[in-house]
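Chemist: Below: one structure in C-alpha coordinates.
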Amino acid sequence: MPGIEPAFLINLFRLQASPVEMLLSPHRGALRQTGRTSTAVTCVLKKTSGALCQKSNVKCQSPDCPQMPPCDFKAEEYKGMSKDRIMEIRKHRCNPMVMKVTYYNKPVCLTQGYMQWLWDTDGRRYLDLFAGIATVSVGHCHPKVTEAAEKQLRCLWHTSNIYMTTPLHEYTEKLTAHLPDQLKVVYLTNSGSEANDLAMLMFDTLGSYHGGSPQTLGLTSYAAYKYPIANGFGCHTTMCPDVFRGLWGGSHCRDSPVQTIRQCSCDPGCCQANNMYIEQLKEVLASSVPSRIAGFFGEPIQGVGGAVQYPKNYLKEAYKLVRERGGVCIADEVQTGFGRTGSHFWGFEGHGVIPDMVTMAKGIANGFPMGAVITTQEIANSFAKGIHFNTFSGSPLACTIASSVLDTIREDGTQQTSATVGTYLLTELAKLREKYEIIGDVRGKGLQIGVEMVKDKESRAPLPAEAISQIFEDVKDMGVLIGKGGAFGQVFRIQPPMCISRDDADFFLAVFSCALQRYMESR
(Lines give C-alpha, C1' and ligand atoms only; values in the text may rest on other atoms or scores of the structure.)
Protein backbone atom coordinates (compact mmCIF):
# COMPACT_ATOMS: atom_id res chain seq x y z
CA MET A 1 0.00 0.00 0.00
CA PRO A 2 1.73 3.20 -1.13
CA GLY A 3 2.77 5.58 1.57
CA ILE A 4 2.23 3.20 4.50
CA GLU A 5 5.06 1.43 6.23
CA PRO A 6 4.85 -2.40 6.58
CA ALA A 7 4.87 -2.20 10.39
CA PHE A 8 1.85 0.07 10.27
CA LEU A 9 0.05 -2.36 7.99
CA ILE A 10 0.25 -5.04 10.65
CA ASN A 11 -1.32 -2.79 13.25
CA LEU A 12 -3.91 -1.59 10.78
CA PHE A 13 -5.29 -5.02 10.17
CA ARG A 14 -5.32 -5.84 13.82
CA LEU A 15 -7.47 -2.81 14.39
CA GLN A 16 -9.69 -3.11 11.36
CA ALA A 17 -13.17 -4.42 12.02
CA SER A 18 -13.00 -7.95 10.70
CA PRO A 19 -16.00 -9.60 9.08
CA VAL A 20 -15.13 -13.10 10.15
CA GLU A 21 -13.89 -14.93 13.19
CA MET A 22 -12.66 -18.49 13.79
CA LEU A 23 -14.30 -20.04 16.83
CA LEU A 24 -12.65 -22.92 18.62
CA SER A 25 -14.87 -25.47 20.29
CA PRO A 26 -13.79 -26.71 23.73
CA HIS A 27 -15.40 -30.02 22.86
CA ARG A 28 -14.16 -32.31 20.12
CA GLY A 29 -17.71 -33.50 19.67
CA ALA A 30 -18.95 -30.12 18.49
CA LEU A 31 -21.75 -29.92 15.96
CA ARG A 32 -20.91 -30.95 12.44
CA GLN A 33 -22.00 -28.99 9.43
CA THR A 34 -25.27 -30.40 8.57
CA GLY A 35 -21.22 6.59 -17.32
CA ARG A 36 -19.77 9.73 -15.79
CA THR A 37 -21.94 12.15 -17.76
CA SER A 38 -23.62 14.31 -15.14
CA THR A 39 -21.89 16.88 -13.02
CA ALA A 40 -21.41 16.75 -9.27
CA VAL A 41 -24.20 18.07 -7.08
CA THR A 42 -24.00 21.79 -6.41
CA CYS A 43 -24.63 23.46 -3.08
CA VAL A 44 -27.94 25.08 -4.00
CA LEU A 45 -30.97 22.84 -4.32
CA LYS A 46 -34.26 24.00 -5.81
CA LYS A 47 -37.38 23.74 -3.70
CA THR A 48 -39.19 20.46 -4.16
CA SER A 49 -42.84 20.24 -5.05
CA GLY A 50 -45.48 19.19 -2.55
CA ALA A 51 -47.57 20.71 0.21
CA LEU A 52 -45.43 22.88 2.44
CA CYS A 53 -45.83 22.37 6.16
CA GLN A 54 -43.72 23.02 9.22
CA LYS A 55 -40.50 24.68 8.12
CA SER A 56 -37.15 23.61 9.45
CA ASN A 57 -35.55 25.98 11.94
CA VAL A 58 -32.06 24.61 11.29
CA LYS A 59 -29.73 27.55 11.03
CA CYS A 60 -27.25 27.53 8.21
CA GLN A 61 -24.05 29.49 8.25
CA SER A 62 -24.33 30.39 4.58
CA PRO A 63 -27.07 31.92 2.42
CA ASP A 64 -26.56 29.15 -0.15
CA CYS A 65 -27.60 26.45 2.34
CA PRO A 66 -29.66 23.76 0.53
CA GLN A 67 -33.42 23.88 0.98
CA MET A 68 -34.80 21.02 3.07
CA PRO A 69 -37.65 19.09 1.42
CA PRO A 70 -41.11 19.65 2.91
CA CYS A 71 -42.98 17.07 4.96
CA ASP A 72 -46.65 16.50 5.65
CA PHE A 73 -46.36 16.20 9.43
CA LYS A 74 -46.42 18.93 12.05
CA ALA A 75 -44.49 18.17 15.22
CA GLU A 76 -45.89 19.16 18.59
CA GLU A 77 -44.37 22.18 20.29
CA TYR A 78 -41.86 21.01 22.88
CA LYS A 79 -42.60 22.21 26.44
CA GLY A 80 -40.46 19.86 28.48
CA MET A 81 -37.16 20.12 30.33
CA SER A 82 -34.67 22.63 28.98
CA LYS A 83 -31.79 21.37 26.85
CA ASP A 84 -29.28 22.86 29.31
CA ARG A 85 -30.84 20.92 32.18
CA ILE A 86 -30.87 17.72 30.13
CA MET A 87 -27.18 18.16 29.37
CA GLU A 88 -26.40 18.81 33.04
CA ILE A 89 -28.10 15.56 34.04
CA ARG A 90 -26.41 13.70 31.20
CA LYS A 91 -22.98 14.87 32.36
CA HIS A 92 -23.41 14.34 36.09
CA ARG A 93 -26.04 11.66 36.62
CA CYS A 94 -25.75 9.36 33.62
CA ASN A 95 -22.78 7.01 33.43
CA PRO A 96 -19.67 8.56 31.77
CA MET A 97 -19.98 6.23 28.79
CA VAL A 98 -23.12 8.10 27.71
CA MET A 99 -21.11 11.29 27.17
CA LYS A 100 -18.29 9.33 25.55
CA VAL A 101 -20.57 8.06 22.80
CA THR A 102 -22.58 11.30 22.40
CA TYR A 103 -22.45 12.62 18.83
CA TYR A 104 -21.45 16.21 17.99
CA ASN A 105 -19.65 19.02 19.80
CA LYS A 106 -23.09 20.60 20.13
CA PRO A 107 -25.25 17.53 20.79
CA VAL A 108 -28.76 17.17 19.40
CA CYS A 109 -31.59 16.61 21.89
CA LEU A 110 -34.42 14.85 20.05
CA THR A 111 -38.06 15.01 21.11
CA GLN A 112 -40.16 13.62 18.26
CA GLY A 113 -39.91 11.62 15.06
CA TYR A 114 -42.03 10.81 12.04
CA MET A 115 -40.87 8.53 9.21
CA GLN A 116 -37.47 9.90 8.01
CA TRP A 117 -37.73 13.10 10.07
CA LEU A 118 -36.65 14.04 13.61
CA TRP A 119 -37.25 17.17 15.69
CA ASP A 120 -35.23 18.59 18.58
CA THR A 121 -36.08 20.69 21.65
CA ASP A 122 -35.80 23.88 19.57
CA GLY A 123 -38.28 22.64 16.97
CA ARG A 124 -35.57 22.09 14.37
CA ARG A 125 -36.26 19.38 11.81
CA TYR A 126 -33.57 16.94 10.68
CA LEU A 127 -33.40 14.39 7.89
CA ASP A 128 -32.39 11.18 9.67
CA LEU A 129 -29.93 9.18 7.57
CA PHE A 130 -28.68 6.97 10.40
CA ALA A 131 -31.93 5.64 11.88
CA GLY A 132 -30.61 4.98 15.35
CA ILE A 133 -27.78 2.95 13.77
CA ALA A 134 -29.86 1.24 11.07
CA THR A 135 -32.51 0.35 13.63
CA VAL A 136 -35.59 2.31 12.53
CA SER A 137 -36.29 0.24 9.44
CA VAL A 138 -39.67 1.47 8.16
CA GLY A 139 -39.75 4.97 9.67
CA HIS A 140 -40.02 6.74 13.01
CA CYS A 141 -43.46 6.27 14.60
CA HIS A 142 -44.74 4.65 11.40
CA PRO A 143 -48.55 4.90 11.62
CA LYS A 144 -49.15 1.20 10.86
CA VAL A 145 -46.62 0.00 13.43
CA THR A 146 -47.79 2.55 16.01
CA GLU A 147 -51.40 1.44 15.59
CA ALA A 148 -50.47 -2.22 16.04
CA ALA A 149 -48.43 -1.42 19.17
CA GLU A 150 -51.21 0.67 20.72
CA LYS A 151 -53.77 -2.08 20.11
CA GLN A 152 -51.56 -4.71 21.76
CA LEU A 153 -50.74 -2.38 24.67
CA ARG A 154 -54.43 -2.30 25.54
CA CYS A 155 -54.61 -6.08 25.42
CA LEU A 156 -51.48 -7.73 26.90
CA TRP A 157 -48.01 -6.26 27.40
CA HIS A 158 -46.00 -9.14 28.72
CA THR A 159 -45.91 -12.73 29.76
CA SER A 160 -42.96 -15.12 29.59
CA ASN A 161 -42.61 -18.20 27.42
CA ILE A 162 -43.98 -20.44 30.17
CA TYR A 163 -47.33 -19.53 28.59
CA MET A 164 -48.43 -19.49 24.96
CA THR A 165 -49.52 -16.27 23.26
CA THR A 166 -50.86 -15.78 19.76
CA PRO A 167 -48.45 -12.95 18.73
CA LEU A 168 -45.36 -15.09 19.42
CA HIS A 169 -46.50 -17.99 17.27
CA GLU A 170 -47.93 -15.84 14.48
CA TYR A 171 -44.69 -13.89 14.27
CA THR A 172 -42.47 -16.97 14.35
CA GLU A 173 -44.34 -18.45 11.40
CA LYS A 174 -44.28 -15.15 9.49
CA LEU A 175 -40.53 -14.59 10.07
CA THR A 176 -39.44 -18.08 9.03
CA ALA A 177 -41.39 -17.69 5.77
CA HIS A 178 -38.69 -15.18 4.75
CA LEU A 179 -35.85 -17.69 5.26
CA PRO A 180 -34.56 -20.77 3.39
CA ASP A 181 -36.22 -24.10 4.16
CA GLN A 182 -33.28 -25.27 6.29
CA LEU A 183 -33.62 -22.33 8.68
CA LYS A 184 -36.94 -22.69 10.46
CA VAL A 185 -36.28 -22.73 14.23
CA VAL A 186 -36.54 -19.36 15.99
CA TYR A 187 -35.07 -18.19 19.30
CA LEU A 188 -36.16 -14.67 20.23
CA THR A 189 -33.90 -12.33 22.23
CA ASN A 190 -33.83 -8.67 23.24
CA SER A 191 -30.81 -7.40 21.28
CA GLY A 192 -28.20 -8.23 18.67
CA SER A 193 -25.48 -8.85 21.26
CA GLU A 194 -27.79 -11.26 23.03
CA ALA A 195 -28.60 -13.00 19.75
CA ASN A 196 -24.90 -13.46 18.98
CA ASP A 197 -24.26 -14.69 22.52
CA LEU A 198 -26.97 -17.28 22.06
CA ALA A 199 -25.58 -18.35 18.69
CA MET A 200 -22.19 -18.92 20.31
CA LEU A 201 -23.74 -20.86 23.14
CA MET A 202 -25.53 -23.11 20.66
CA PHE A 203 -22.29 -24.64 19.41
CA ASP A 204 -20.51 -24.81 22.73
CA THR A 205 -18.04 -21.98 22.18
CA LEU A 206 -17.51 -18.73 22.93
CA GLY A 207 -17.42 -12.90 14.35
CA SER A 208 -16.46 -6.83 12.35
CA TYR A 209 -18.57 -5.74 15.29
CA HIS A 210 -20.91 -8.31 16.79
CA GLY A 211 -21.78 -6.78 20.17
CA GLY A 212 -20.51 -5.46 23.47
CA SER A 213 -21.15 -8.33 25.84
CA PRO A 214 -18.18 -10.22 27.35
CA GLN A 215 -18.63 -13.07 24.90
CA THR A 216 -19.21 -11.06 21.73
CA LEU A 217 -16.26 -8.77 22.49
CA GLY A 218 -14.13 -11.72 21.48
CA LEU A 219 -15.76 -11.62 18.07
CA THR A 220 -15.36 -7.87 17.71
CA SER A 221 -12.15 -6.83 15.96
CA TYR A 222 -12.55 -3.12 16.63
CA ALA A 223 -10.24 -1.71 19.30
CA ALA A 224 -12.52 1.18 20.35
CA TYR A 225 -15.14 -1.30 21.56
CA LYS A 226 -12.79 -3.50 23.57
CA TYR A 227 -11.88 -3.32 27.24
CA PRO A 228 -8.45 -4.41 28.58
CA ILE A 229 -9.82 -7.67 29.94
CA ALA A 230 -9.74 -11.25 28.79
CA ASN A 231 -12.71 -11.99 26.58
CA GLY A 232 -13.91 -14.33 23.86
CA PHE A 233 -11.60 -17.25 24.60
CA GLY A 234 -11.13 -19.42 21.54
CA CYS A 235 -11.75 -16.64 19.00
CA HIS A 236 -9.37 -16.11 16.11
CA THR A 237 -9.63 -13.18 13.70
CA THR A 238 -8.81 -13.37 10.01
CA MET A 239 -7.52 -10.52 7.87
CA CYS A 240 -10.34 -8.23 6.79
CA PRO A 241 -10.89 -8.72 3.03
CA ASP A 242 -11.30 -4.98 2.46
CA VAL A 243 -10.67 -4.30 -1.23
CA PHE A 244 -10.13 -0.56 -0.66
CA ARG A 245 -7.87 -0.34 2.38
CA GLY A 246 -6.64 -3.92 2.50
CA LEU A 247 -3.52 -5.42 0.99
CA TRP A 248 -5.35 -6.60 -2.12
CA GLY A 249 -8.18 -5.11 -4.12
CA GLY A 250 -9.29 -4.03 -7.56
CA SER A 251 -11.97 -2.29 -9.55
CA HIS A 252 -14.28 -5.29 -10.09
CA CYS A 253 -14.35 -6.99 -6.71
CA ARG A 254 -17.58 -5.88 -5.04
CA ASP A 255 -21.25 -6.59 -5.46
CA SER A 256 -22.01 -2.88 -5.58
CA PRO A 257 -22.91 -0.21 -8.15
CA VAL A 258 -19.66 1.52 -7.16
CA GLN A 259 -16.21 -0.08 -7.25
CA THR A 260 -12.91 1.05 -5.79
CA ILE A 261 -10.49 3.41 -7.51
CA ARG A 262 -7.75 0.77 -7.31
CA GLN A 263 -6.50 -0.62 -10.61
CA CYS A 264 -7.37 -4.20 -11.47
CA SER A 265 -5.34 -6.46 -13.80
CA CYS A 266 -7.24 -9.69 -13.19
CA ASP A 267 -8.08 -12.00 -16.06
CA PRO A 268 -11.80 -12.35 -16.91
CA GLY A 269 -13.57 -14.59 -14.39
CA CYS A 270 -10.70 -14.33 -11.92
CA CYS A 271 -10.39 -12.14 -8.80
CA GLN A 272 -6.85 -11.96 -7.47
CA ALA A 273 -7.96 -10.13 -4.32
CA ASN A 274 -10.45 -12.86 -3.46
CA ASN A 275 -7.85 -15.56 -4.05
CA MET A 276 -5.30 -13.84 -1.82
CA TYR A 277 -7.73 -13.24 1.07
CA ILE A 278 -8.89 -16.86 0.87
CA GLU A 279 -5.25 -17.99 0.95
CA GLN A 280 -4.79 -15.90 4.09
CA LEU A 281 -7.82 -17.60 5.64
CA LYS A 282 -6.39 -20.99 4.74
CA GLU A 283 -3.15 -20.00 6.47
CA VAL A 284 -5.04 -19.13 9.65
CA LEU A 285 -6.84 -22.46 9.53
CA ALA A 286 -3.57 -24.32 8.95
CA SER A 287 -1.43 -22.53 11.52
CA SER A 288 -3.55 -20.96 14.25
CA VAL A 289 -6.47 -23.27 15.01
CA PRO A 290 -7.00 -26.99 15.60
CA SER A 291 -8.08 -29.24 12.77
CA ARG A 292 -11.65 -28.97 14.02
CA ILE A 293 -13.35 -25.63 14.58
CA ALA A 294 -16.74 -24.72 15.97
CA GLY A 295 -17.91 -21.93 13.70
CA PHE A 296 -17.43 -18.78 11.67
CA PHE A 297 -19.17 -15.41 12.20
CA GLY A 298 -19.45 -12.81 9.45
CA GLU A 299 -21.52 -9.76 8.56
CA PRO A 300 -22.54 -9.82 4.88
CA ILE A 301 -21.57 -6.13 4.80
CA GLN A 302 -19.81 -4.62 7.78
CA GLY A 303 -21.73 -2.03 9.75
CA VAL A 304 -19.60 -0.39 12.44
CA GLY A 305 -16.56 -1.35 10.36
CA GLY A 306 -17.68 1.20 7.76
CA ALA A 307 -19.83 -0.66 5.19
CA VAL A 308 -16.86 -2.78 4.16
CA GLN A 309 -17.65 -5.22 1.35
CA TYR A 310 -15.66 -8.31 0.45
CA PRO A 311 -14.81 -9.82 -2.93
CA LYS A 312 -17.90 -11.38 -4.48
CA ASN A 313 -17.05 -15.03 -3.82
CA TYR A 314 -15.24 -14.62 -0.51
CA LEU A 315 -18.02 -15.79 1.82
CA LYS A 316 -18.93 -18.69 -0.46
CA GLU A 317 -15.37 -20.03 -0.41
CA ALA A 318 -14.92 -19.24 3.30
CA TYR A 319 -18.09 -21.17 4.20
CA LYS A 320 -16.77 -24.18 2.27
CA LEU A 321 -13.45 -24.12 4.14
CA VAL A 322 -15.16 -23.83 7.52
CA ARG A 323 -17.58 -26.66 6.85
CA GLU A 324 -14.74 -28.92 5.73
CA ARG A 325 -13.40 -28.52 9.26
CA GLY A 326 -16.68 -29.33 10.98
CA GLY A 327 -17.66 -25.73 11.69
CA VAL A 328 -21.02 -24.03 11.37
CA CYS A 329 -21.47 -20.71 9.52
CA ILE A 330 -23.29 -17.79 11.15
CA ALA A 331 -24.53 -14.74 9.24
CA ASP A 332 -24.80 -11.63 11.42
CA GLU A 333 -27.76 -9.84 9.79
CA VAL A 334 -28.25 -7.31 12.58
CA GLN A 335 -27.61 -4.43 10.15
CA THR A 336 -28.04 -5.99 6.70
CA GLY A 337 -31.34 -7.78 7.24
CA PHE A 338 -34.96 -6.94 6.41
CA GLY A 339 -34.36 -5.65 2.90
CA ARG A 340 -31.74 -3.01 3.67
CA THR A 341 -29.40 -4.17 0.89
CA GLY A 342 -32.20 -3.75 -1.65
CA SER A 343 -31.52 -6.72 -3.90
CA HIS A 344 -32.37 -9.29 -1.23
CA PHE A 345 -34.22 -9.55 2.05
CA TRP A 346 -31.08 -10.90 3.76
CA GLY A 347 -27.49 -9.88 3.15
CA PHE A 348 -26.25 -13.47 2.92
CA GLU A 349 -28.47 -14.04 -0.14
CA GLY A 350 -26.36 -11.53 -2.07
CA HIS A 351 -23.35 -13.79 -1.50
CA GLY A 352 -25.09 -16.92 -2.75
CA VAL A 353 -24.70 -18.77 0.56
CA ILE A 354 -27.00 -20.35 3.11
CA PRO A 355 -25.70 -20.14 6.71
CA ASP A 356 -26.42 -22.58 9.50
CA MET A 357 -27.50 -19.77 11.80
CA VAL A 358 -28.73 -16.23 11.24
CA THR A 359 -28.65 -13.59 13.97
CA MET A 360 -30.76 -10.44 13.66
CA ALA A 361 -31.92 -7.40 15.66
CA LYS A 362 -32.13 -3.59 15.09
CA GLY A 363 -34.58 -3.25 12.17
CA ILE A 364 -36.47 -6.37 13.22
CA ALA A 365 -38.91 -4.30 15.30
CA ASN A 366 -38.26 -0.75 14.04
CA GLY A 367 -36.31 0.21 17.16
CA PHE A 368 -38.26 -1.73 19.77
CA PRO A 369 -35.74 -3.90 21.71
CA MET A 370 -35.74 -7.30 20.03
CA GLY A 371 -33.43 -9.82 18.40
CA ALA A 372 -33.51 -13.37 17.10
CA VAL A 373 -31.46 -16.40 16.20
CA ILE A 374 -32.73 -18.65 13.39
CA THR A 375 -31.13 -22.03 12.94
CA THR A 376 -31.57 -25.57 11.66
CA GLN A 377 -33.57 -28.28 13.37
CA GLU A 378 -30.40 -30.31 13.98
CA ILE A 379 -28.65 -27.51 15.83
CA ALA A 380 -31.82 -26.68 17.74
CA ASN A 381 -32.23 -30.31 18.82
CA SER A 382 -28.65 -30.41 20.11
CA PHE A 383 -29.15 -27.17 22.05
CA ALA A 384 -32.30 -28.56 23.65
CA LYS A 385 -30.20 -30.93 25.77
CA GLY A 386 -30.13 -28.14 28.36
CA ILE A 387 -32.52 -25.32 29.22
CA HIS A 388 -32.25 -21.75 27.93
CA PHE A 389 -34.75 -19.19 29.20
CA ASN A 390 -35.18 -15.45 28.77
CA THR A 391 -37.82 -13.60 30.78
CA PHE A 392 -38.54 -10.89 28.21
CA SER A 393 -37.92 -12.55 24.84
CA GLY A 394 -40.97 -13.16 22.71
CA SER A 395 -43.26 -10.80 24.61
CA PRO A 396 -46.66 -10.22 22.98
CA LEU A 397 -45.87 -6.53 22.50
CA ALA A 398 -42.48 -7.12 20.84
CA CYS A 399 -43.86 -9.83 18.56
CA THR A 400 -46.83 -7.69 17.54
CA ILE A 401 -44.55 -4.78 16.64
CA ALA A 402 -42.12 -7.03 14.73
CA SER A 403 -45.00 -8.65 12.87
CA SER A 404 -46.32 -5.24 11.84
CA VAL A 405 -42.83 -4.32 10.61
CA LEU A 406 -42.79 -7.33 8.28
CA ASP A 407 -46.21 -6.36 6.94
CA THR A 408 -45.11 -2.75 6.45
CA ILE A 409 -41.94 -3.74 4.60
CA ARG A 410 -44.12 -5.63 2.12
CA GLU A 411 -46.96 -3.10 1.88
CA ASP A 412 -44.75 0.00 1.62
CA GLY A 413 -42.20 -1.57 -0.74
CA THR A 414 -39.29 -0.55 1.47
CA GLN A 415 -36.93 -3.14 0.00
CA GLN A 416 -37.48 -1.65 -3.46
CA THR A 417 -36.91 1.82 -1.99
CA SER A 418 -33.60 0.57 -0.60
CA ALA A 419 -32.62 -0.66 -4.04
CA THR A 420 -33.64 2.40 -6.08
CA VAL A 421 -32.82 5.27 -3.72
CA GLY A 422 -29.74 3.46 -2.42
CA THR A 423 -28.34 2.89 -5.91
CA TYR A 424 -29.02 6.53 -6.78
CA LEU A 425 -27.22 7.72 -3.65
CA LEU A 426 -24.22 5.48 -4.32
CA THR A 427 -23.81 6.59 -7.92
CA GLU A 428 -24.17 10.28 -7.04
CA LEU A 429 -21.72 9.95 -4.15
CA ALA A 430 -19.28 8.35 -6.58
CA LYS A 431 -19.43 11.59 -8.62
CA LEU A 432 -18.49 13.52 -5.49
CA ARG A 433 -15.57 11.12 -5.06
CA GLU A 434 -14.31 12.25 -8.47
CA LYS A 435 -14.63 15.89 -7.42
CA TYR A 436 -13.07 15.74 -3.94
CA GLU A 437 -9.60 14.37 -3.21
CA ILE A 438 -10.62 13.59 0.38
CA ILE A 439 -13.24 11.01 -0.61
CA GLY A 440 -11.28 7.80 -0.99
CA ASP A 441 -14.04 5.26 -1.37
CA VAL A 442 -17.81 5.02 -1.79
CA ARG A 443 -19.28 1.60 -1.19
CA GLY A 444 -22.26 -0.38 -0.10
CA LYS A 445 -25.48 -1.79 -1.38
CA GLY A 446 -29.03 -0.53 -1.02
CA LEU A 447 -29.30 1.76 1.98
CA GLN A 448 -26.17 0.50 3.74
CA ILE A 449 -23.59 2.97 2.47
CA GLY A 450 -20.12 4.03 3.55
CA VAL A 451 -18.06 7.04 2.41
CA GLU A 452 -14.41 6.65 3.43
CA MET A 453 -12.55 9.93 3.97
CA VAL A 454 -8.82 10.14 3.30
CA LYS A 455 -6.01 12.70 3.33
CA ASP A 456 -5.49 11.93 -0.35
CA LYS A 457 -6.39 9.14 -2.74
CA GLU A 458 -2.80 8.03 -3.33
CA SER A 459 -1.92 7.25 0.28
CA ARG A 460 -5.45 6.28 1.40
CA ALA A 461 -4.40 7.49 4.87
CA PRO A 462 -7.44 8.29 7.03
CA LEU A 463 -8.62 11.89 7.17
CA PRO A 464 -7.75 13.26 10.66
CA ALA A 465 -10.43 13.13 13.34
CA GLU A 466 -10.70 16.92 13.61
CA ALA A 467 -11.45 17.19 9.88
CA ILE A 468 -14.06 14.42 10.11
CA SER A 469 -15.63 16.25 13.05
CA GLN A 470 -15.77 19.55 11.14
CA ILE A 471 -17.60 17.99 8.18
CA PHE A 472 -19.82 15.89 10.44
CA GLU A 473 -20.88 18.93 12.47
CA ASP A 474 -21.51 21.03 9.37
CA VAL A 475 -23.76 18.37 7.85
CA LYS A 476 -25.77 18.30 11.08
CA ASP A 477 -26.05 22.10 11.20
CA MET A 478 -27.55 22.03 7.71
CA GLY A 479 -30.17 19.54 8.85
CA VAL A 480 -28.91 16.01 8.15
CA LEU A 481 -27.93 13.33 10.68
CA ILE A 482 -25.46 10.67 9.51
CA GLY A 483 -23.21 8.20 11.31
CA LYS A 484 -19.53 7.40 11.61
CA GLY A 485 -17.57 4.14 11.61
CA GLY A 486 -14.39 2.45 10.47
CA ALA A 487 -11.28 1.54 12.43
CA PHE A 488 -10.26 5.21 12.65
CA GLY A 489 -13.72 6.80 12.61
CA GLN A 490 -12.96 7.85 9.02
CA VAL A 491 -16.08 6.49 7.34
CA PHE A 492 -19.38 8.36 7.11
CA ARG A 493 -22.23 5.90 7.38
CA ILE A 494 -25.58 6.37 5.63
CA GLN A 495 -28.19 3.86 6.85
CA PRO A 496 -31.52 5.72 6.93
CA PRO A 497 -35.06 4.54 7.55
CA MET A 498 -36.06 2.67 4.39
CA CYS A 499 -38.74 5.22 3.53
CA ILE A 500 -36.58 8.06 2.24
CA SER A 501 -37.27 9.61 -1.15
CA ARG A 502 -35.08 10.74 -4.00
CA ASP A 503 -35.78 14.34 -2.94
CA ASP A 504 -34.31 13.47 0.45
CA ALA A 505 -31.28 11.95 -1.25
CA ASP A 506 -30.78 15.09 -3.36
CA PHE A 507 -30.99 17.25 -0.24
CA PHE A 508 -28.33 15.19 1.52
CA LEU A 509 -26.08 15.21 -1.54
CA ALA A 510 -26.29 19.00 -1.72
CA VAL A 511 -25.62 19.35 2.01
CA PHE A 512 -22.70 16.92 1.91
CA SER A 513 -21.17 18.67 -1.09
CA CYS A 514 -21.47 22.03 0.68
CA ALA A 515 -19.81 20.66 3.83
CA LEU A 516 -16.96 19.18 1.80
CA GLN A 517 -16.47 22.39 -0.14
CA ARG A 518 -16.36 24.44 3.06
CA TYR A 519 -13.79 22.11 4.58
CA MET A 520 -11.59 22.23 1.48
CA GLU A 521 -11.72 26.03 1.48
CA SER A 522 -10.97 26.23 5.20
CA ARG A 523 -7.84 24.12 4.94
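Chemist: With the structure loaded, tell me whether Glu349 is more than 22 Å from Asp412 (Cα to Cα) and either open to solvent by 10 Å² or more (accessible area, probe 1.4 Å) or among the β-branched types (Val, Ile, Thr) (or both) or whether it fails that test.
Modeler: No; evaluated as a whole, the condition is false for this residue.
Chemist: Here is a follow-up. In the list Thr172, Thr176, which residue meets the criterion of being closer than 27 Å to Val373 by Cα, open to solvent by 20 Å² or more (accessible area, probe 1.4 Å) and of a type in the set (S, T, N, Q)?
Modeler: Of Thr172, Thr176, the one residue that is closer than 27 Å to Val373 by Cα, open to solvent by 20 Å² or more (accessible area, probe 1.4 Å) and of a type in the set (S, T, N, Q) is Thr172.
Chemist: Is it the case that the range 303-322 has a residue that's in contact with a helix residue (DSSP H, G or I) (Cβ under 7 Å, 6 or more places away or on another chain), hydroxyl-bearing (Ser, Thr, Tyr) and open to solvent by less than 10 Å² (accessible area, probe 1.4 Å)?
Modeler: There is at least one residue in the range 303-322 that is in contact with a helix residue (DSSP H, G or I) (Cβ under 7 Å, 6 or more places away or on another chain), hydroxyl-bearing (Ser, Thr, Tyr) and open to solvent by less than 10 Å² (accessible area, probe 1.4 Å).
Chemist: Still on this model: Which pairs do you get when a residue that is within 14 Å of Lys457 (Cβ to Cβ) and part of a loop (DSSP other than H, G, I, E, B), found in the range 250-263, comes within reach of a residue that is aliphatic (A, V, I, L, M) and open to solvent by less than 40 Å² (accessible area, probe 1.4 Å), reach meaning Cβ atoms under 7 angstrom, with the pair 6+ apart or on two chains?
Modeler: Final answer for the pair search is Thr260/Val243.
Chemist: Pairs under 6 Å by beta carbon, first residue over 24 Å from Phe345 (Cβ atoms) in the range 155-176, partner open to solvent by less than 90 Å² (accessible area, probe 1.4 Å), six or more apart or different chains?
Modeler: So the pair list comes out as Leu156/Pro396; Trp157/Leu397; His158/Ser395; Ser160/Thr391; Asn161/Gly394; Thr165/Pro396.
Chemist: Determine if the range 510-518 includes at least one residue that is open to solvent by less than 30 Å² (accessible area, probe 1.4 Å) and within 21 Å of the chain's Cα centre (by Cα).
Modeler: yes
Chemist: Based on what the data block shows, is Ile471 hydrophobic (A, V, I, L, M, F, W, C), within 18 Å of the chain's Cα centre (by Cα) and at pLDDT 95 or above?
Modeler: For Ile471, the condition - hydrophobic (A, V, I, L, M, F, W, C), within 18 Å of the chain's Cα centre (by Cα) and at pLDDT 95 or above - is not met.
Chemist: A further question on this structure: For the structure I just gave you, tell me whether Ser193 is within 29 Å of Val491 (Cα to Cα), open to solvent by 30 Å² or more (accessible area, probe 1.4 Å) and in contact with a Gly (Cβ under 9 Å, 6 or more places away or on another chain).
Modeler: So Ser193 passes the test.
Chemist: Then there is this: Could you tell me whether any residue of the range 336-348 is closer than 23 Å to Phe296 by Cβ and either modelled with pLDDT under 95 or part of a strand (DSSP E or B) (or both)?
Modeler: Scanning the range 336-348 turns up no residue that is closer than 23 Å to Phe296 by Cβ and either modelled with pLDDT under 95 or part of a strand (DSSP E or B) (or both).
Chemist: Any residue at all in the range 282-298 that is assigned to a helix (DSSP H, G or I) and closer than 18 Å to Gln182 by Cα?
Modeler: no
The values are calculated or read from the model by the stated rules, or taken from the named source; none is laboratory data. The model shown is predicted, which means the values in this text are computed figures rather than measured ones. FYI the Cβ positions are ideal-geometry reconstructions off the backbone, even for glycines, and counts take in every protein chain you see. Quick note on the areas: whole protein, heavy atoms, side chains included, nothing else; ligands and nucleic acids left out. Shrake-Rupley method; radii C 1.70, N 1.55, O 1.52, S 1.80 Å.
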